[in-house]
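Visitor: Pasting a structure here, questions to come.
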Amino acid sequence: MKKMPENLRRATIHDVARAADVSIATVSRVLNKPERVNREMHDRVMAAASELGYTTNSAGKALKIARTRTIGTLLPRLDDPIFSEIAHGVQETLFAHDYVGFLQTSGYDNSQIFDAVFRLLNRGAEGVLVFGRIDDEKLLAFIKNNHVPILQIYSYLEGNPLPSVGIDNYASTQKIAQLMLQLGHREIAHISGPTKGNDRQQSRRRAYEDTMQANGLKTTMQMVQPGYTINDAGQAFRRILEENPKVTAVICATDLLACGVLAECRKLGIGVPNDISVSGFEDVAFASLLYQPLTTLAVPSGDMGRYAARAMIANLEEGQKLTSMQFETSLILRDSIARAPSGSNRAA
């Protein structure tokens, strides 16, 4: 790769082509039609563009104005109710302030999201809202070198160098774990979603482990893979019973996981909550409608989305510094948990 230009002017497509030792047409294909370029060429051009801080701005060029009034949102998936609720809060706020919002999905692993964020910026996003903690070192360097307005949402990340708006996943999970202990449960299991590059699931899993260890109790844990379904959660529950038949409570890191556990309990003839207690996390719309209404933690998803969007707009419009804001979860008690059973083959 050729030496990068050392002047301070705004990088152009010519600079990227020279740095990557390719033609301008190749740079254009990589940025606009990446599926038509081989991986080695794509990575070479993207590395040069990242180092130079180059992004296109098609809308800005066409209209010859300095701003696009566009904000991008990067989220794991659209079919998860909690993510769509936060995104809805973002989108309605942007619309109310005459902004356009781009939505881009990237999966659960935030250690590999540079390309997704770069694509949003390349399409004219002036700032980006990223679900969860950014673990992508390449993206972190790009943000630092190019002063890109970035706000991490959903998770409140105390001590993180980038601002965040969201909940404390660790402390929230501790609420549920302590409740199970107060109800006399000692054989408590945990099911989490995928943890790689996913601070939400990492924190919830760690809170369970720390609480159990602090009380001298054995941990029983299962993790499902990205793209998991209700059936996957049910299978994880079966593995828990095989590992520890005495389990009397299952803390699930999402409501979808808890839904799968409840369904599996019904298949196996296990009474909820008489034989086993089940809890979720997020209080999505279906949580109160299950055959055994779910005890869970309510997340102020819409409020977080609206706050994050307003903060980004204030930064772009008035230069207000992006700062962190913590939101609180609420413990919602329903019929899926009870005191630990006595005289049961799963009792501690």
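Visitor: Determine which member of the set L31, L103, L78 is at pLDDT 80 or above, of a type outside the set (V, I, T) and not in a strand (DSSP E or B).
Guide: L78
Visitor: Restricting to the stretch 157-173, and then to whatever is assigned to a loop (DSSP other than H, G, I, E, B) and aliphatic (A, V, I, L, M), can you tell me which residue is farthest from H147 (Cα to Cα)? Before you say what the answer is, go through the steps one by one.
Guide: Residues of the stretch 157-173 assigned to a loop (DSSP other than H, G, I, E, B): 157-163, 168.
Then drop every residue that is not aliphatic (A, V, I, L, M), which leaves 157, 162.
Working: L157: 20, L162: 11 Å.
Among residues in the stretch 157-173 that are assigned to a loop (DSSP other than H, G, I, E, B) and aliphatic (A, V, I, L, M), the one farthest from H147 (Cα to Cα) is L157.
Visitor: To continue, here is another question. Starting from the stretch 88-108, take each residue that is assigned by TED's automatic domain parsing to the domain that holds L129 and list its partners that are exposed (fewer than 15 other Cβ atoms within 10 Å of the Cβ) and among the aromatic types (F, W, Y), counting only C-beta distances under 8 angstrom and pairs at least six apart or across chains.
Guide: Every condition considered, the pairs that remain are G101/F95.
Visitor: Quick one: is M221 within 18 Å of I176 (Cβ to Cβ), in contact (Cβ under 8 Å) with a residue 24 or more places away in the chain and touching a His at 6+ places or on another chain (Cβ under 6 Å)?
Guide: For M221, the condition - within 18 Å of I176 (Cβ to Cβ), in contact (Cβ under 8 Å) with a residue 24 or more places away in the chain and touching a His at 6+ places or on another chain (Cβ under 6 Å) - is met.
Visitor: Would you check if A253 is in the same structural domain as T195 (by TED's automatic domain parsing), closer than 16 Å to Y154 by Cβ and in contact with a helix residue (DSSP H, G or I) (Cβ under 6 Å, 6 or more places away or on another chain)?
Guide: yes
Visitor: Scanning for something within 30 Å of E126 (Cβ to Cβ) and aromatic (F, W, Y), does the stretch 316-335 turn up at least one residue?
Guide: Yes, the stretch 316-335 contains a residue that is within 30 Å of E126 (Cβ to Cβ) and aromatic (F, W, Y).
Quick grid of which residues meet (1) assigned by TED's automatic domain parsing to the domain that holds L256; (2) under 30 Å from E187 (Cα atoms); (3) not in a loop (DSSP other than H, G, I, E, B):
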site	(1), (2), (3)
F286	yes, yes, yes
Y291	yes, yes, no
A308	no, no, yes
A314	no, no, yes
K321	no, no, no
D335	no, yes, no
A338	no, yes, no
S342	no, yes, no
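Visitor: Checking I71 against (1) assigned to a loop (DSSP other than H, G, I, E, B); (2) buried (at least 18 other Cβ atoms within 10 Å of the Cβ); (3) not small (G, A, S), which test does it fail?
Guide: (1)
Visitor: Spot the failing condition for R239; the list is (1) free of Cβ contacts under 8 Å to residues at least 60 places away in the same chain; (2) within 19 Å of the chain's Cα centre (by Cα), and only one is missed.
Guide: With respect to (1) free of Cβ contacts under 8 Å to residues at least 60 places away in the same chain; (2) within 19 Å of the chain's Cα centre (by Cα), R239 is out only on (2).
The values are calculated or read from the model by the stated rules, or taken from the named source; none is laboratory data. Note that this is a predicted model, so its numbers are computed, not measured. For neighbour counting, all protein chains shown are included, and Cβ atoms are generated from backbone atoms with ideal geometry for every residue, glycine included.
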